[in-house]
Amino acid sequence: MRILRLLHGGAPRVAVRDDSGAVRLAPIGSTIADLLSRNDFRESVAESGELVQRDLSDSHLAPIDPTAIVVNIGSNYHDHALPAQDAPRPELTWFIKSPRTWVAHGDEIRVPEQFPHRVDYEGELGVVFGTAAHRVTREDAWGHIAAVTLLNDVSARDAWPELAAATTPGEERAAWNRMMLGKQLPTFGPIGPELVTIDEVSDPDSLVLRTLLNGDVVQQAAVAQMKIGVADLVARLSEFFAFQPGDVISTGTPGGVGQASGRYLRAGDEVTIEIEGIGALTNPVVGP
């Protein structure tokens, strides 16, 4: 089953899409968390919710509750890591993006006026919690995941030359902090288009993530190539975070991003993140 948010009657609503493609609305006031955490409620909506009989292409909203958090993982594929980040037992690199970055499938990614030259794409798999999770073991981790989705961790990499040239820990920290600020700009967090419940994913390790820029494949990697897998991410992060239903871990991006090729996002581009069976998250790029 697929879970989505959309505009209906001028207001945000959550809904489910069944195997036939029919979209049914949950009651007013329902949340993504409600649908993820209660299987009986989700099934009830699928059976008897109000049927939406129209094209949804202009009404998508990012499929995430406004109160949710997204924890993004950095340097989680060997071909995307700096040498110092590619140790045999990799350290966990993470950050949180502002909710002001979140946009839906079809929404524009805006190249910012102040940082127009190194705007980069990062296709990622997101895992979405369906139950509260704090101090979770690796063995129990997948039991707390209710759905998966796609994300694009768009980044303004103007600090990248400083990071690559850093020769002291202080210089590296300053450049890294500025790099993280380059991920907080409006529209830099596409997510969706929908959440796919985990029962539809028979083997998460068999998933293959691809990013296409204007139709060209620029990233492609099996999820199994992650340095820190989903179960370990949940266990290590939940030592500190008290995750709630609807929260997301965005699991990192493979190699092939623009900083390596020099092919950054420009006005008129279109970028798509896709995994077969989960969907395709497509966003046009507009200039400052």
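Since every read-out is calculated from the coordinates, none of them should be taken as a lab result. Here the structure is a predicted model, which is why all the values come from computation and not from measurement. Glycine also receives a Cβ, built like all others from the backbone with ideal geometry; neighbour counts cover every protein chain displayed.
Give the whole-number value, in cubic angstrom per residue, of the convex hull volume spanned by the C-alpha atoms of the range 2-61. Walk me through the numbers before you get to the answer.
Values: hull volume 4.7 nm³, N = 60.
Given the Cα convex hull of the range 2-61, per-residue volume reads 78 Å³.
For a modelled paramagnetic label at His117, 7 Å from Cα along Cα-to-Cβ, the residues of the range 168-196 in reach, with backbone nitrogen under 19 Å, are 175-176, 178-183. Here the label points at Val217 and Glu91, each 7 Å from Cα along the C-beta direction, are separated by 3.4 nm in the simple model.
Applying 1/(1 + (r/R0)^6) with r as the Cβ-Cβ distance of Glu50 and Thr131 and R0 = 25 angstrom yields a FRET efficiency of 0.35. The sum of -39500 (n - 2.57) across all DSSP H runs of n ≥ 4, divided by the residue count of the chain, sets its helix-only mean residue ellipticity at 222 nm to -4500 deg cm²/dmol. Just checking my list (1) 53, 39, 32; (2) 61, 44, 30; (3) 57, 47, 40 against Cα extents along the principal axes in Å computed from this structure; which label fits? Read-out from the structure maps to (2).
What separates the Cα centres of the range 215-246 and the range 154-207 is a distance of 12 Å.
For the range 180-288, pairs of C-alpha atoms spaced more than 25 angstrom apart make up 28 percent of the total. Measuring between their Cα centroids, the range 131-149 and the range 4-69 lie 23 Å from each other. Normalising the average separation of contacting C-alpha pairs (under 8 angstrom, six or more residues apart) by the number of residues puts the relative contact order of the range 115-263 at 38 percent.
Remark: relative contact order (the chain) = 26 percent; criterion is Cα-Cα distance under 8 angstrom and separation of 6 or more residues. Computed from Cα positions, the angle between helix 169-181 and the longest principal axis of the chain comes to roughly 30 degrees.
When only the Cβ of Lys, Arg, Asp and Glu is charged (+1, +1, -1, -1), the dipole of the range 101-187 relative to its Cα centre reaches about 180 debye. Could you point to the residue in Leu265, Ser250, Ile278 farthest towards the positive end of the range 167-288's charge dipole, with +1 and -1 charges on the Cβ of Lys/Arg and Asp/Glu respectively? Selected residue: Leu265. Charged side chains reduced to their Cβ positions (Lys and Arg at +1, Asp and Glu at -1) give the chain a dipole of some 660 debye around its Cα centre.
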